[in-house]
1. If I go through the stretch 69-113 residue by residue, how many of them are assigned to a helix (DSSP H, G or I), touching a residue at least 24 places away in the same chain (Cβ under 8 Å) and not hydroxyl-bearing (S, T, Y)?
2. Among what's in the stretch 84-114 and is among the basic types (K, R) and either within 22 Å of the chain's Cα centre (by Cα) or within 15 Å of L159 (Cα to Cα) (or both), pick the residue that is surrounded by the fewest Cβ atoms within 10 Å (Cβ to Cβ).
3. Would you kindly identify the strands (runs of 3 or more DSSP E) lying entirely within the stretch 124-211 that contain at least 3 residues that are among the basic types (K, R) and in contact with an Asp or Glu (Cβ under 8 Å, 6 or more places away or on another chain)?
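What follows draws every value from the coordinates through simple rules; no lab data is involved. Only a predicted model underlies this, so the values are computations on that prediction, with no experimental measurement involved. Using ideal geometry, Cβ is built from the backbone for each residue, glycine included, and neighbour counts are taken over all protein chains shown.
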Amino acid sequence: MVGDLEWQACFDWVLTTETVMSSAKLPNGRTSKYQNISRRHIGQGMSTTIKSFRLARMSVLILILTLGLLALPLVFLANVVFGKWAYVAPALLVVAIYFWVWLRFRPTLFVIRPDVLEVVWPLKRRQIRRDDISDVRLIDRQELRREAGWCMRVGAGGLWGGFGWLWTQRRGIVQMYVSRTDRFVWIERASDRPWLITPEQPEAFVRALLS
């Protein structure tokens, strides 16, 4: 639900993952099909190209939750049509919350500029200095569990994704803006809390931010 505050394991929220395909050799000689894009220091030799990445399309689970939540005000309005005026206020309240989530919580664009990563919402913008980003990488469910441990979500959850704060057992507050249950990008910052996001084309996003 929107605005929920619930205690859960991060790996329960993160159901599946996809990582970059690779032919890297394992110590026992087997070939691994997974490899995360490697980390490196960011801030030296940065590209002057500006690249934009939209928020990734919703995964199936998030899409189902979103459709269910979007049907809620329609149910209220249907009751109003049949003369049940008590449903007017709840319908208007839910619609107002949904608009607020869309305009203030759900980012629409991640713009990689020469000196900053700019996150764009319909009603606001936020910039992260690239020289303050110490690490950026793709992570899967197991890595997220090892990195964060148990967590508690604070903010908007279910409608179009999960947006807001993620309190974690091991890392404290994490800024979370995800529209999928896989293909996460973890951004480590030198002077502030880390970010967990799901841009479209996450591999290309990570490479662009590393360049």
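1. Counting residues in the stretch 69-113 that are assigned to a helix (DSSP H, G or I), touching a residue at least 24 places away in the same chain (Cβ under 8 Å) and not hydroxyl-bearing (S, T, Y) gives 7.
2. Looking at the filtered set, the residue picked out is R104.
3. Output list reads 125-129.
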